[in-house]
Each structure stands twice: as structure tokens, then as C-alpha cells.
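The structure appears right after this line, and notes come after that.
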């Protein structure tokens, strides 16, 4: 039964991947400025241009180019950067490892802080704590990432000099260095997520705490704390699981900004560079990988949700 | 529900009403900006660089001696344009696609929805960056990109609402009396799916400003000498070691505008709710 559910979800994803790869592929071809001319300079001869186009496979019909690219991509070959000649798959894999560390750290912070704030605001409903939490969750969705990042840089790097404003150390290299370098960028990335999780969990908790079984629990003499943790939280977390899954895409997208500010060599920084240089094979590769990451995470979210909710029938 | 009813309910939502007034003032400032700025926002004055706020320069001056207050006012124009594009393009393109898809159903619906699900899965900023660079980096293309990015969401919302309304008795009755498809859509579907779209449009005012300032900050949107709060923050960021306070004014402008759009959306959701209670 569960296997059938998995299969159905997979069948649903495949046409979507097909459509998006086609969109990504043709979008990139629209980028103005012929990459061949960029490479060879304006004074290139006709023969040279034709020769390079043939080498890059640009002389074939677009639909044929697309299928060649797609079949190579499925085999893990995303072509070579038209500027540096570096393998796109290698560059993307290397950068993805960095971005995933950043995004995971940010989402972890968002989940821990968001859940804490939501629980505090429910437990201390109507007090100043509740108001502060609601203020944070309102403000959190309104502050652009780059603005919050700068605020943190000014406060913690320039004024207090506690943490560096740029750089990155992989967790595999040095866990301590990782923590030092990742704190500010991950915090900057997590603000929106904190606000969204706080909001959703808070309203979800309020709904659940109103349910009959909670009233029953109270009448049996359960304390508020026990009712909250022992009974309500598990059920209130369900809709929040979907929220966390959906946050992933936005957080990954926002690495474009955060990695630029903090000079982190990740996927976002690679994307900006490639777009500015019109390195079209690189742009295709980066966007494809970002999209696939989102699809995979959404797929996993669906499965986790189905496993957690006993009411769902496959 | 009449316009007057909605407005009366909105006035009862204090934050939403203040936000509406703020946004109207912002539009007026944007329209009048070229005439009401105390200084030419491009006028450099190297003798008065990075001045603190004073009677002459309310918000101080930037690294080229330009008046920050004037530049914030001019930036309002870009912000308002971005908001409008983030609302109008999705309403004009996304909503018709959504209604058609939901009303016709079947294979058309399947195809449209797969495309839309796919596009929504590309992170918005990445898609906006891709479209801007494909069209060429300038103010208008950034606006168009912002509009296109949010089109699939409106299509999906309009489709979902249409699916609900389509099976209502009044639509079936109209079908039986022989009303044309276009007539049914205009007379029965659109008025009945408008509320959630209006609420989403209000939130999109904020999102438009967020995306525009982010693109401009990255150098992929509005370019100097065009003024955007995002460009101002990017320039201030280069001076962050000397004078971090230059970030404050465009930053507050962004924050207030985004908050206003969000509060207005919250208020509209309450005001347009069919189960609205006056004392609620």
C-alpha cells in the first residue's frame, strides 16, 4: 500500500521535472549576447564562430540540443562551463555541499527557535512574552534577508567583534570553525523561517488545545505543561511539517543573497556569477540542481507527513 | 458585498486602515517625487560627504554627498512600480489561466497544473534572476520578472476557487439556461472568487517590494542612476565600515512598506470574510 503511494507520488513528479527542465533550458537560450561572440570577441571570423558553435553543439536544432543535454544530465553530466572549461557537475556538487550546510543550519535554527517561541507564547498567552513573540513573528516576514544580515554584521562583527563578517569553513574540516563562520549567515537566513514556524505552530496549537481530548485530559488532572507537551504538541506539529518542507525552497533561493554578502562559496554565489557572466551551461546546471533539490525535499515532506499522520490512507 | 461595507469593516481594523493610508501616501509621494524632493537626488556634493542628519539634510548625506532624504523619496517611485507589477501581471495573466484551467478541467487542467507546479518549485529569487538576465538587466525587465514569478501562484489560487464555485447551483443554473462560457466566467465565477485574490494581491504588494529590493541589492535589478531602496542599501553596504547608519533610512522605508502590505492583507482577509462579525 505504502509502496503504491510512493509510486503515485513519483509518477506525479516526473512530468513536472520534464516541463521545468525544458523551461530552464529554453530560458537560458534567451539570455542576450551570443556566448560564442562573448568567448571569441567581436572580431571573430565567420569560420571561427561556426567552428566553435559546432564544438558546443549550438548548430543543431534547439529541441535536439535539449534532449542531448537532458540525457547527459540524467547520467550526471551537465556539460562544461563555457568560460573556465570546468565540469559543471563537479562545480555544482562542490558548491551544493556548502549551500546545504548553510541551509540545514538555517532551517535547524528556524525550527528550534520557532517552536520555542510558539510554545512560550501559548504557555504565557496574554502576557508580555506573548506580545513580544507576536511582534517578532510579524516583523520576521517583513525584513528582507540582506537587511537582517547587515544588521547582524554591524552588531556582531563591527561593533562587538565576536564573529567574522565573511568566510566559510566546512563542518568536515573543522566543526569549531564551521560554527564560528556559519552563525551569522545561518541566522540571517533563518529569520523568515522562524517567523513562519512560530505563526503556524502557534495557531495550530491554539486549535488543538481547544479540542475535546485536551479538555478530557485537563479534567483528569493533567497540568497545562503536560497537556501542551504530552498531548497537543504532537498533533499541532503535523501541519508545521509541511511548512518546514516548503521553507526549504525559499531558503535555498535566499542563499543567493546571503552567500554574496558573507562571501560563502556556495550554489547561490555560483548562480549570481554565472548569470552575470552569461555562462549558460553553468546557469542551466545550477538552476536544475536547485529545482531538483526542492522537488526531492517536497517529495520527502509528503512521505514524512503521510507517515506521521495515522489518518492518511495510502 | 458593497465596496462601502468592505471599507467600513476595514476601518474597524485599525492597523490595516493605517497601512492603507500609509500606502496611499506612498503612492502620492511616488507620483510627486520629482517635484517634492528638497534636493536633486543625483546632485553630488563632495564637500559634504556622509554628513549626519541635520536641519539641511534630514537623513544626512551619502558617500557622494547626495541627500539621503531625497533619495528615499525617489526610491518610493521604484517601490510602487514593483508593487504594481507584482500584482497586475499575476492578475492579468495568472488569474485567466487559473479560471480557464479550473473551469474546463480534464487534460487542459492537468497540463496547466503540472507546468505551474514545476515553476513554483523553482525558488522565486532564482527564477526572477534568470528572467531578468534573460531579458537584460534594467528597471522594467526586473519589474516584468517580478510579475512573471508570481503568476503561477495566482493561477493556482484562481483555479482552486473556480473548482469550488463551478459546482455551485447558480453556475449550473446558468449553464442550463444556455449562458455562454465567457458570460458565466465574467458574471458568476470572477465575482465569487475575487475575495481571496484581493487578499493575496495585497500580500503581493509587500512581496513585490521585497523581491525588487533584493534584485537591486544584487545588482540585477534597478541600476544606478535609477534609485531603489535596494540600490541605496547596496551602496551603503560598501561603506559599512565607515558609516553603517546610512543603511537605516532605506531599510526603514522597506520595512514599513512591507509591513503595510501585510497588515492590509490581514485586514482585508477579515473584512472580506463572509462570516464576518462586527464584534469579532
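The values are calculated or read from the model by the stated rules, or taken from the named source; none is laboratory data. What you see is a predicted model, and the numbers here were worked out from it, not measured in a lab. A quick note on method: Cβ atoms are made from the backbone with ideal geometry, for glycine too, and the neighbour counts reach across all protein chains shown.
Please go through segment B:1-29 and give me each residue that is loosely packed, with under 14 Cβ neighbours inside 10 Å and over 27 Å from residue B:275 (Cα atoms), ordered by number.
B:24, B:25, B:28
Scan segment B:220-269 for residues that are assigned to a loop (DSSP other than H, G, I, E, B), at pLDDT below 85 and more than 11 Å from chain A (Cβ to nearest Cβ) and report the count.
The qualifying residues number 7.
Could you please let me know if residue B:77 is surrounded by fewer than 22 Cβ atoms within 10 Å (Cβ to Cβ) and in contact with a helix residue (DSSP H, G or I) (Cβ under 6 Å, 6 or more places away or on another chain)?
On the way: surrounded by fewer than 22 Cβ atoms within 10 Å (Cβ to Cβ): yes; in contact with a helix residue (DSSP H, G or I) (Cβ under 6 Å, 6 or more places away or on another chain): yes.
When the stated conditions are applied, residue B:77 passes them.
I need every pair where a residue in segment B:120-142 that is farther than 23 Å from residue B:157 by Cβ and within 7 Å of chain A (Cβ to nearest Cβ) has its Cβ under 6 Å from the Cβ of a residue that is modelled with pLDDT of 80 or more and surrounded by 22 or more Cβ atoms within 10 Å (Cβ to Cβ), sequence separation at least 6 or different chains.
B:129/A:275; B:129/B:220; B:133/A:275
Out of A:244, A:296, A:303, A:258, I need the residue that is more than 12 Å from chain B (Cβ to nearest Cβ), within 14 Å of the chain's Cα centre (by Cα) and assigned to a helix (DSSP H, G or I). Which one?
On the way: A:296 fails: more than 12 Å from chain B (Cβ to nearest Cβ); A:303 fails: within 14 Å of the chain's Cα centre (by Cα); A:258 fails: more than 12 Å from chain B (Cβ to nearest Cβ).
Going through A:244, A:296, A:303, A:258 in turn, the sole match is A:244.
For residue A:161, work out the one condition from (1) more than 30 Å from residue B:266 (Cβ to Cβ); (2) in contact with a helix residue (DSSP H, G or I) (Cβ under 7 Å, 6 or more places away or on another chain); (3) not in a helix (DSSP H, G or I) it doesn't fulfil.
Looking at each condition in turn, residue A:161 falls short on (2).
Return yes or no: is residue A:230 under 30 Å from residue A:306 (Cβ atoms) and either more than 14 Å from every other protein chain (Cβ to nearest Cβ) or not in a helix (DSSP H, G or I) (or both)?
Against the criterion (under 30 Å from residue A:306 (Cβ atoms) and either more than 14 Å from every other protein chain (Cβ to nearest Cβ) or not in a helix (DSSP H, G or I) (or both)), residue A:230 qualifies.
Do we find that residue A:40 is within 25 Å of residue B:122 (Cβ to Cβ), surrounded by 15 or more Cβ atoms within 10 Å (Cβ to Cβ) and at pLDDT below 80 in this structure?
On the way: within 25 Å of residue B:122 (Cβ to Cβ): no; surrounded by 15 or more Cβ atoms within 10 Å (Cβ to Cβ): yes; at pLDDT below 80: yes.
Answer is no for this residue.
Please report, ordered by residue number, the helices (runs of 4 or more DSSP H) entirely within segment A:43-149 with at least 2 residues that are within 21 Å of the chain's Cα centre (by Cα), surrounded by 20 or more Cβ atoms within 10 Å (Cβ to Cβ) and within 14 Å of chain B (Cβ to nearest Cβ). Please lay out each step first, then the result.
Values: elements: A:46-56, A:62-74, A:88-123, A:128-140.
Of the helices (runs of 4 or more DSSP H) lying wholly inside segment A:43-149, those with at least 2 residues that are within 21 Å of the chain's Cα centre (by Cα), surrounded by 20 or more Cβ atoms within 10 Å (Cβ to Cβ) and within 14 Å of chain B (Cβ to nearest Cβ) span A:88-123, A:128-140.
Can you name every residue in segment B:158-181 that is within 20 Å of residue B:121 (Cβ to Cβ) and surrounded by fewer than 20 Cβ atoms within 10 Å (Cβ to Cβ)?
First, pick out the residues of segment B:158-181 that are within 20 Å of residue B:121 (Cβ to Cβ): B:158-160.
Within segment B:158-181, just B:160 meets the criteria.
If you go through segment A:157-171, how many residues are loosely packed, with under 11 Cβ neighbours inside 10 Å and modelled with pLDDT under 80?
We begin by selecting, within segment A:157-171, every residue loosely packed, with under 11 Cβ neighbours inside 10 Å; these are A:159-161.
Among the residues that remain, those that are also modelled with pLDDT under 80 are: none.
Of the residues in segment A:157-171, 0 are loosely packed, with under 11 Cβ neighbours inside 10 Å and modelled with pLDDT under 80.
Given the criterion assigned to a helix (DSSP H, G or I), in contact with a helix residue (DSSP H, G or I) (Cβ under 7 Å, 6 or more places away or on another chain) and over 23 Å from residue B:204 (Cα atoms), identify the matching residue among B:107, B:184.
On the way: B:107 fails: in contact with a helix residue (DSSP H, G or I) (Cβ under 7 Å, 6 or more places away or on another chain).
Among B:107, B:184, only B:184 is assigned to a helix (DSSP H, G or I), in contact with a helix residue (DSSP H, G or I) (Cβ under 7 Å, 6 or more places away or on another chain) and over 23 Å from residue B:204 (Cα atoms).
State all residues of segment B:168-181 that are in contact with a helix residue (DSSP H, G or I) (Cβ under 8 Å, 6 or more places away or on another chain) and part of a helix (DSSP H, G or I); if no residue qualifies, say none.
Our first condition is that a residue be in contact with a helix residue (DSSP H, G or I) (Cβ under 8 Å, 6 or more places away or on another chain); within segment B:168-181, this holds for B:168, B:170-171, B:174-175, B:179, B:181.
Of everything in segment B:168-181, those that are in contact with a helix residue (DSSP H, G or I) (Cβ under 8 Å, 6 or more places away or on another chain) and part of a helix (DSSP H, G or I) turn out to be B:170, B:171, B:174, B:175, B:181.
Scanning for something buried (at least 22 other Cβ atoms within 10 Å of the Cβ), within 14 Å of chain B (Cβ to nearest Cβ), without any contact (Cβ under 8 Å) to a residue 40 or more places away in the chain and within 24 Å of residue B:125 (Cβ to Cβ), does segment A:178-186 turn up at least one residue?
no
Exactly one of these conditions fails for residue B:32: (1) buried (at least 20 other Cβ atoms within 10 Å of the Cβ); (2) without any contact (Cβ under 8 Å) to a residue 24 or more places away in the chain; (3) farther than 17 Å from residue B:250 by Cβ. Give me its number.
(1)
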